[in-house]
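Quick note: the coordinates plus some simple rules give every number you see, no bench work behind them. Remember, it's a predicted structure, so these values are computed and weren't measured experimentally. Quick reminder, even Gly has a Cβ in these numbers, built from the backbone with ideal geometry, and neighbours come from all protein chains shown.
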Amino acid sequence: MLDQPIVDIRNLRVEFQTKDGEVVGVEDISFSVQPGETVCIVGESGSG
């Protein structure tokens, strides 16, 4: 069972509304995290 990911994200899309309309913040992102791994996600601005 240790070979199974503890997190498995596929085709993630995040969108939100602004006063100027819809903005897609994340589109088609996939990743998994295995036991013992550390994963950092950093945005375009570097603010994470």
Neighbour count of at most 14 Cβ within 10 Å plus DSSP loop: longest GluC sites (Glu not before Pro)-free window in the chain: 1-36
Environment charge of Val24, counting only residues whose C-beta is closer than 11 Å and scoring Lys/Arg +1, Asp/Glu -1: -3
